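Asker: Take a look at the following structure, please.
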């Protein structure tokens, strides 16, 4: 088996093999591959004018500014400090998270309380 592999390898190096007729087509196919162009216009990005009346409202939002900064970075002209939530919004998010995703200890306490209630109903 090793001899057959060795002979195939040497045949590939010297160019006489059954695949010899196939290889130029594969190389030609690879050489003619052109990837799709990048959609982002990095040289001159579109930054909407917020003062213009023609600019749609959704392009004036903070969400769109975060999107622009994510795409173009500092070239977008967006202040990175504005991308973070305000203190009030942060407290709001934390309260929402506590309500919808309580810690494991609280969940275990709730389960234990439910089991106690079921046991009390059975006893009565």
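Asker: Do the conditions hold for residue 91, that is, is it surrounded by 10 or more Cβ atoms within 10 Å (Cβ to Cβ), on the phi < 0 side of the Ramachandran plot and without any contact (Cβ under 8 Å) to a residue 40 or more places away in the chain?
Answerer: Details: surrounded by 10 or more Cβ atoms within 10 Å (Cβ to Cβ): yes; on the phi < 0 side of the Ramachandran plot: yes; without any contact (Cβ under 8 Å) to a residue 40 or more places away in the chain: yes.
Here the answer is yes, as residue 91 does meet what is asked.
Asker: Restricting to segment 81-112, what's the tally of residues that are more than 18 Å from residue 63 (Cβ to Cβ) and outside any helix (DSSP H, G or I)?
Answerer: Initial filter on segment 81-112 (more than 18 Å from residue 63 (Cβ to Cβ)): 87, 91, 94-95, 97-112.
Next, from what is left, pick out any that are outside any helix (DSSP H, G or I): 101-103.
Number of matching residues: 3.
A quick yes/no check of all residues on (1) in the same structural domain as residue 76 (by TED's automatic domain parsing); (2) part of a helix (DSSP H, G or I); (3) farther than 29 Å from residue 78 by Cβ; (4) modelled with pLDDT of 60 or more:
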{"site": "12", "(1), (2), (3), (4)": "no, yes, yes, no"}
{"site": "20", "(1), (2), (3), (4)": "no, yes, yes, no"}
{"site": "27", "(1), (2), (3), (4)": "no, yes, yes, yes"}
{"site": "45", "(1), (2), (3), (4)": "yes, no, no, yes"}
{"site": "48", "(1), (2), (3), (4)": "yes, no, no, yes"}
{"site": "51", "(1), (2), (3), (4)": "yes, no, no, yes"}
{"site": "55", "(1), (2), (3), (4)": "yes, no, no, yes"}
{"site": "58", "(1), (2), (3), (4)": "yes, yes, no, yes"}
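Residues are listed down the side, and each one gets a yes or a no for (1) out of contact with any helix residue (DSSP H, G or I) (no Cβ under 9 Å at 6 or more places or on another chain); (2) outside the structural domain of residue 48 (by TED's automatic domain parsing):
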site: 72; (1), (2): yes, no
site: 80; (1), (2): no, no
site: 92; (1), (2): yes, yes
site: 97; (1), (2): yes, yes
site: 104; (1), (2): yes, yes
site: 109; (1), (2): yes, yes
site: 114; (1), (2): yes, yes
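The values are calculated or read from the model by the stated rules, or taken from the named source; none is laboratory data. A quick note: this is a predicted structure, and the numbers were derived from the prediction, not measured. Please note: Cβ atoms are built from the backbone with ideal geometry, for glycine as well, and neighbour counts cover all protein chains shown.
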